[in-house]
Amino acid sequence: MDSLHRKSLGEILVEAAAITEEQLREALSAQEAEKKKLGEILIEREVISEEQMLKALAMQLDLPYYDKLPINDIDPELIMNIPIQFCRDNLILPIARDVFNVTVAVADPLNIFPMDDLRLILSTNINMVVCPPAVISNAINRVYERSQDTSQRVLGELTDIEEGEDLEETKDLLESTDDEKPIIRLVNGLLARAVKEKASDIHIEAYENEIVVRCRIDGALRDTMQIPKRHLNSIVSRIKIIGKLNIAEKRVPQDGRIGIKVAGKDIDIRLSVLPTAHGERVVMRLLDKTAGVRRLEEMGIDDNVLHPWKSAVTRRHGIILVTGPTGSGKTTLLYASVMHVVSGEINVLTIEDPVEYRLPGVGQIDVKSKIGLTFSEGLRAILRQDPDVIMVGEIRDHETANIAIQASLTGHLVFSTLHTNDAASAVTRLNDLGVQPFQIASALIGVMATRLIRRLCTNCREKYEPTDRDLKVMELTRNDLQGKTIYKQGKGCEKCHGIGYVGRMAVHELLIMTDKLRILINKTQDSNEIKKLAIEEGLTTLRRSAVLKVLQGLTSIEEAIQKTQTEELEVT
């Protein structure tokens, strides 16, 4: 469009019926007084949306407008020589190249100075397309994530590296540049890749002739890469440096924490270094702090379990327990349960090892065993702080168990976790820790056992006809399958990275104390007897909860059975 005959932004907005003539006149008067752009004033006054303004601006400048970008089709090579901070600061991103031009998505096409810089960097002409800032920001993170998946390439660059090399940390791992030392880029690449693939843990394992790196994704370890053994000391030293551990100490285990940022996400890493026969072994547990604490309603808990659990956690006093093995989702459920009762009228305090999420309106204490701040000592101190609700990260020993029970019997609501296979076993475990049966019967409100099972990939799952053995294990009949479609793990596809599963979901078993259960607990602490009575009173077992997911087509029989392998109770 000829610039001499180009319509003004205001005229375009009026013609599009986005604003009235009167609104335009008022905005133009304000523009003269405030010295701001017309679009800014209209957006501030909520007369138009940012999207309407950008579309009008694109029309005025005769530029295409994209409301989304083809992220997977953007070649990471386009941004190889462009710092991520340059793209973030200016909200621009190269998205395509042809023989003569590079197409760049921009949020502000009137800001021409970054375009001049890009022409110099890319040595080519620039074509612009207009795009919302949020869309560009997301695309920048996603494309730079892909460009930083360079671990395998960096391996080829590792030569003679001195142990303990270090450089200043970048604010975001995606801002790492090619002029950083290879060992730093290798470690950064591993961390960025793990975050991208939503891994919960990274294992760096030393063997006789090699280093094997594995990531735990959806609960299963997957081989990520193999590294020559000669680089072990350099990799471990680099990780120790960013974890603020002693790089000279290689004889004893060390634990630390690392805070990093990847693609705008704040990631907290729990670091463990363990000496083995073939060298030091490293395990890093990743926690996405930006994900926040989920609400109970977002936990995927079935209604028949959710409603009685909500009722249990809002009691005035007693003890609430969440049980399961490591990595079963106990802490996530515990946090959601505590946040359900938080209000400005009550005092909520926690003692944790370590504090994983920061909870608004809650006083949280980190266990520091080295200076004597253990669970039991911290719990004693909390009781002097006039709490209404107390959360103990885990009941591990006799002393903590007894203090927690006493607190629950003296007017406090106590939340905690135990490592047991099912809900009924929590009674046996408390008794093993020295808590008297009458105390358990009086204090215990409810126990929720939880497991995480993998979801079938809906893109490649396959229909499956259960065998008689499958039905026996699931305690189903052929009639139970009427109108249901059962699926099994598929061969794998691009969506699930060839695994057949994508993501995980929780299954639950809820035991709520009743008068009959209290009488039984005073007589026996046998978990089988307790579970048998609980089932008679309506308890849905972990196995049954998992089987219901199978009947819904969400998971496979194999996964449901494997993840609920507790000692099966014969109920007649």
In region 446-481, anything within 27 Å of SER527 (Cα to Cα), open to solvent by 70 Å² or more (accessible area, probe 1.4 Å) and touching a residue at least 24 places away in the same chain (Cβ under 8 Å) is listed as GLU475
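Name every residue in region 527-552 that is outside any helix (DSSP H, G or I) and buried (at least 16 other Cβ atoms within 10 Å of the Cβ), in order of residue number. Explain how you work it out, then say what you get.
Looking only at region 527-552, we keep the residues that are outside any helix (DSSP H, G or I), and these are 537-541, 552.
Correct list: LEU539, THR540, THR541.
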Count of residues meeting criterion [loosely packed, with under 15 Cβ neighbours inside 10 Å and either aromatic (Phe, Trp, Tyr) or within 23 Å of LYS55 (Cα to Cα) (or both)] in region 69-85
1
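Does VAL427 satisfy being assigned to a helix (DSSP H, G or I), touching a residue at least 60 places away in the same chain (Cβ under 8 Å) and farther than 29 Å from LYS523 by Cα? Break it down stepwise before answering.
On the way: assigned to a helix (DSSP H, G or I): yes; touching a residue at least 60 places away in the same chain (Cβ under 8 Å): yes; farther than 29 Å from LYS523 by Cα: no.
Taking the combined requirement at face value, the residue does not satisfy it.
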Cβ-Cβ distance below 9 Å, separation of 6 or more or different chains: which pairs start in region 350-369 with a residue that is within 16 Å of ASP255 (Cα to Cα) and end on one that is loosely packed, with under 13 Cβ neighbours inside 10 Å and small (Gly, Ala, Ser)?
ASP353/SER369
Unmet requirement for ALA96, which otherwise passes all of (1) under 33 Å from the mean Cα position of the chain (by Cα); (2) in contact (Cβ under 8 Å) with a residue 24 or more places away in the chain; (3) open to solvent by less than 60 Å² (accessible area, probe 1.4 Å)
(2)
Candidates ILE260, ILE227, ILE247, filtered to the one that is surrounded by 15 or more Cβ atoms within 10 Å (Cβ to Cβ), in contact with a Gly (Cβ under 6 Å, 6 or more places away or on another chain) and among the β-branched types (Val, Ile, Thr)
ILE247
Could you go through region 49-66 and let me know if any residue there is open to solvent by less than 40 Å² (accessible area, probe 1.4 Å), hydroxyl-bearing (Ser, Thr, Tyr) and either under 25 Å from ARG193 (Cβ atoms) or free of Cβ contacts under 8 Å to residues at least 12 places away in the same chain (or both).
no
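For VAL104, are the conditions met, namely being touching a Phe, Trp or Tyr at 6+ places or on another chain (Cβ under 7 Å) and open to solvent by less than 40 Å² (accessible area, probe 1.4 Å)?
Details: touching a Phe, Trp or Tyr at 6+ places or on another chain (Cβ under 7 Å): no; open to solvent by less than 40 Å² (accessible area, probe 1.4 Å): yes.
No, not satisfied.
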Residues of region 176-230 satisfying the condition of being touching a helix residue (DSSP H, G or I) at 6+ places or on another chain (Cβ under 7 Å), part of a helix (DSSP H, G or I) and not β-branched (Val, Ile, Thr)
PRO182, ARG185, LEU186, ASN188, GLY189, LEU190, LEU191, ALA192, ARG193, LYS196
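Could you identify the single residue in ALA58, ALA139, ALA105 that is outside any strand (DSSP E or B), farther than 26 Å from ARG185 by Cβ and among the aliphatic types (A, V, I, L, M)? Walk me through it before giving the result.
Details: ALA139 fails: farther than 26 Å from ARG185 by Cβ; ALA105 fails: outside any strand (DSSP E or B).
It is ALA58.
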Hey, could you check region 16-30 for residues that are at pLDDT 70 or above and open to solvent by 40 Å² or more (accessible area, probe 1.4 Å) and say which is nearest to ALA107 (Cα to Cα)?
LEU28
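Just to check your reading of the model, which residue among THR350, THR332, THR326 is under 23 Å from the mean Cα position of the chain (by Cα) and in a helix (DSSP H, G or I)? Outline the logic, then answer.
Values: THR350 fails: in a helix (DSSP H, G or I); THR326 fails: in a helix (DSSP H, G or I).
Criteria check complete, one pass: THR332.
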Return the residue satisfying two criteria in turn: it lies in region 210-221 and is open to solvent by 50 Å² or more (accessible area, probe 1.4 Å) and charged (D, E, K, R), and of such residues it is modelled with the lowest pLDDT.
GLU210
Which residue pairs have Cβ atoms closer than 9 Å, lie 6 or more positions apart in sequence or on different chains, and pair a first residue in region 490-507 that is assigned to a loop (DSSP other than H, G, I, E, B) with a second residue that is of a type in the set (Asp, Glu) and crowded, with 16+ Cβ neighbours inside 10 Å?
ILE499/ASP218
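Residue by residue, here is whether (1) among the aliphatic types (A, V, I, L, M); (2) over 30 Å from SER237 (Cβ atoms); (3) surrounded by 20 or more Cβ atoms within 10 Å (Cβ to Cβ) holds:
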residue	(1), (2), (3)
LEU271	yes, no, yes
THR276	no, no, no
ARG294	no, yes, no
ILE301	yes, yes, yes
LEU306	yes, yes, no
Just one of (1) in a loop (DSSP other than H, G, I, E, B); (2) crowded, with 24+ Cβ neighbours inside 10 Å trips up VAL435, so point out which.
(2)
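The values are calculated or read from the model by the stated rules, or taken from the named source; none is laboratory data. It should be emphasised that the depicted structure is a prediction, and the values quoted were computed from it without experimental measurement. For neighbour counting, all protein chains shown are included, and Cβ atoms are generated from backbone atoms with ideal geometry for every residue, glycine included. Surface accessibility is based on the protein's heavy atoms, side chains included, excluding ligands, DNA and RNA. Shrake-Rupley method; radii C 1.70, N 1.55, O 1.52, S 1.80 Å.
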